[in-house]
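What follows is one structure encoded as structure tokens, with my remarks underneath.
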Amino acid sequence: MKNNILIVDDLHPSYIEIATAKGYTCDYHPDFKLADALAVIADYEGLAIRSKFEVDKAFMDAAPNLRFITRAGAGIDNINGDYAAQKGIEIYNAPEGNSDAVGEHAVGMLLALMNKFNIGNLEVRDGKWLREENRGYELKGRTVGIIGYGHMGQSFARKLSGFEVDVIAYDKYKTGFSDQYAREVSMEEIVKHSDILSLHVPLTAETQYLANDEYFFHFKKPIFFINTSRGKTAKVRSVLNAIEQGKIIGAALDVLEVEKFPALGEQEWYADLCKTNKVILTPHVAGWTFESYRKISEVLAGKLPRVVDGQ
């Protein structure tokens, strides 16, 4: 067996160091595009990728020797997991590597949103000193609802532990997960009690556009909304509608249902998104810190099985 890995994205050198120590040969080509990878993937047993392109049925059919795919990050929605399972291809990801980054980013966005940092910063630079207009809200005593209590949701809850808030969490696929940081509740309780709602779910057929017009309509109190998961878990137009209707006080979005330009600028909701000062935007960087760059690669390579002599 070759035990070789094609790396098509920018990974920290620690990935190669650990994989090599485990008996693998790594070919590092972060400049590869889909066509480049397709041309050579038949010769490899492993693929390391972030989010450069879709690893779909056609790609896997072109890779008869592929035994595993390592995804540097948490989400694996750019990999056809069902087809990989059919072909016996293992998928490894590394949500442990950037969970701290996501948790901290979500807290930072929430504090900025509740205290109007984005508005006050621009106004002072524009010669305006408006104290009353920029009065903020305190976190203490509020109820934070978390959807999805995996690595990211748990990290956000831990980071909130010093703010004296009541953290409640819903996860369709887990039960009995209450801990010192969050209390397991039903979706009905999330909708009824939340002052803040934060999404921490993977993108699946069930979570796609989970946060839509109907969903926001059912919330009993105006909320602050945060999304650091995947863009297509929330409809941007629905977020804007809920802001206009007073259902959302403000939103912090690290992810959008369409990302990168020029496609982003062509969306019908983009102009309205840019006009409102009730939304804080970041370019899908919640999990992408200098520290997580290293930790993701270390976690990912650490999950590779050690090569056994003769295999």
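The values are calculated or read from the model by the stated rules, or taken from the named source; none is laboratory data. Computed from a predicted model, the values in this text were never measured in an experiment. Cβ atoms come from the backbone with ideal geometry, glycine included; neighbour counts cover every protein chain shown. With ligands, DNA and RNA removed, areas are computed over all heavy atoms of the protein, side chains included. Shrake-Rupley method; radii C 1.70, N 1.55, O 1.52, S 1.80 Å.
For the stretch 258-286: of the residues being touching a residue at least 40 places away in the same chain (Cβ under 8 Å) and within 14 Å of the chain's Cα centre (by Cα), which is most open to solvent (accessible area, probe 1.4 Å)? Working first, answer last.
Just the residues of the stretch 258-286 that are touching a residue at least 40 places away in the same chain (Cβ under 8 Å), to begin with: 277, 279-280, 282, 284-286.
From the residues that got through so far, the ones that are within 14 Å of the chain's Cα centre (by Cα) too are 282, 284-286.
Details: T282: 38, H284: 73, V285: 47, A286: 1 Å².
Filtering the stretch 258-286 for residues that are touching a residue at least 40 places away in the same chain (Cβ under 8 Å) and within 14 Å of the chain's Cα centre (by Cα), the one most open to solvent (accessible area, probe 1.4 Å) comes out as H284.
Scan the stretch 20-34 residue by residue and report those that are part of a loop (DSSP other than H, G, I, E, B) and either surrounded by 13 or more Cβ atoms within 10 Å (Cβ to Cβ) or in contact (Cβ under 8 Å) with a residue 12 or more places away in the chain (or both). Reasoning before the result, please.
Filtering the stretch 20-34 for residues part of a loop (DSSP other than H, G, I, E, B) gives 22-24, 29-33.
K22, G23, Y24, H29, P30, F32, K33, listed by residue number.
Pick from the stretch 124-154 the residues that are out of contact with any helix residue (DSSP H, G or I) (no Cβ under 6 Å at 6 or more places or on another chain) and open to solvent by less than 40 Å² (accessible area, probe 1.4 Å): which of them is farthest from A169 (Cα to Cα)?
Out of the qualifying residues, it is G150.
Are there any pairs, at least 6 apart or on different chains, whose C-beta atoms fall under 6 Å, with the first in the stretch 287-301 and under 16 Å from I76 (Cα atoms) and the second open to solvent by 60 Å² or more (accessible area, probe 1.4 Å), and if so, which?
V299/E96
If you check every pair at least six apart or on different chains, which have Cβ atoms under 9 Å apart with a residue in the stretch 170-184 that is closer than 15 Å to S198 by Cα and free of Cβ contacts under 8 Å to residues at least 24 places away in the same chain first and a residue that is open to solvent by less than 100 Å² (accessible area, probe 1.4 Å) and β-branched (V, I, T) second?
As it stands, the answer is R183/V167; R183/I168, since those pairs meet every condition given.
Residue by residue, here is whether (1) at pLDDT 95 or above; (2) hydroxyl-bearing (S, T, Y); (3) part of a loop (DSSP other than H, G, I, E, B) holds:
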residue	(1), (2), (3)
G176	yes, no, yes
E189	yes, no, no
S198	yes, yes, no
V201	yes, no, yes
F216	yes, no, no
K220	yes, no, yes
S229	yes, yes, yes
L240	yes, no, no
G250	yes, no, no
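Just to check your reading of the model, which residue among A101, A85, A112 is buried (at least 18 other Cβ atoms within 10 Å of the Cβ), of a type outside the set (S, T, N, Q) and touching a strand residue (DSSP E or B) at 6+ places or on another chain (Cβ under 9 Å)? Spell out the reasoning first.
Working: A101 fails: touching a strand residue (DSSP E or B) at 6+ places or on another chain (Cβ under 9 Å); A85 fails: buried (at least 18 other Cβ atoms within 10 Å of the Cβ).
Testing whether each residue is buried (at least 18 other Cβ atoms within 10 Å of the Cβ), of a type outside the set (S, T, N, Q) and touching a strand residue (DSSP E or B) at 6+ places or on another chain (Cβ under 9 Å) leaves just A112.
Looking only at the stretch 52-90, count every residue that is out of contact with any Lys or Arg (no Cβ under 8 Å at 6 or more places or on another chain) and under 24 Å from E298 (Cα atoms) and tell me the total.
So the first thing to find is which residues in the stretch 52-90 are out of contact with any Lys or Arg (no Cβ under 8 Å at 6 or more places or on another chain), and the list is 54-59, 61-64, 67-69, 74, 76, 81-82, 84-87.
Those left that are additionally under 24 Å from E298 (Cα atoms): 54-55, 67-69, 74, 76, 81, 84.
Total meeting the criteria: 9.
This table checks each residue for (1) in contact (Cβ under 8 Å) with a residue 12 or more places away in the chain; (2) open to solvent by less than 10 Å² (accessible area, probe 1.4 Å); (3) farther than 27 Å from G141 by Cα; (4) out of contact with any helix residue (DSSP H, G or I) (no Cβ under 8 Å at 6 or more places or on another chain).
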| position | (1), (2), (3), (4) |
| --- | --- |
| S198 | yes, yes, no, no |
| T207 | yes, no, yes, no |
| A211 | yes, yes, no, no |
| F219 | yes, yes, no, no |
| P222 | yes, no, no, yes |
| F225 | yes, yes, no, no |
| A234 | yes, yes, no, yes |
| L253 | yes, yes, no, no |
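Please go through the stretch 2-15 and pick out each residue that is open to solvent by less than 50 Å² (accessible area, probe 1.4 Å) and either among the β-branched types (V, I, T) or without any contact (Cβ under 8 Å) to a residue 60 or more places away in the chain (or both).
N4, I5, L6, I7, V8 - these are the residues of the stretch 2-15 that are open to solvent by less than 50 Å² (accessible area, probe 1.4 Å) and either among the β-branched types (V, I, T) or without any contact (Cβ under 8 Å) to a residue 60 or more places away in the chain (or both).
I'd like the full set of residues that are closer than 30 Å to A48 by Cα, aromatic (F, W, Y) and in a loop (DSSP other than H, G, I, E, B), limited to the stretch 256-305.
Those that are closer than 30 Å to A48 by Cα, aromatic (F, W, Y) and in a loop (DSSP other than H, G, I, E, B): F261, W288.
If you check A74, A48, which single one turns out to be under 23 Å from the mean Cα position of the chain (by Cα), buried (at least 21 other Cβ atoms within 10 Å of the Cβ) and part of a loop (DSSP other than H, G, I, E, B)?
On the way: A48 fails: part of a loop (DSSP other than H, G, I, E, B).
Of the residues listed, the single one that is under 23 Å from the mean Cα position of the chain (by Cα), buried (at least 21 other Cβ atoms within 10 Å of the Cβ) and part of a loop (DSSP other than H, G, I, E, B) is A74.
Taking only the stretch 88-98 into account, find how many residues are without any contact (Cβ under 8 Å) to a residue 40 or more places away in the chain and either touching a Cys at 6+ places or on another chain (Cβ under 9 Å) or open to solvent by less than 30 Å² (accessible area, probe 1.4 Å) (or both).
Taking the stretch 88-98 first, the residues without any contact (Cβ under 8 Å) to a residue 40 or more places away in the chain are 88-91.
Going one step further and asking which of them are either touching a Cys at 6+ places or on another chain (Cβ under 9 Å) or open to solvent by less than 30 Å² (accessible area, probe 1.4 Å) (or both), we end up with 89.
Number satisfying all stated conditions: 1.
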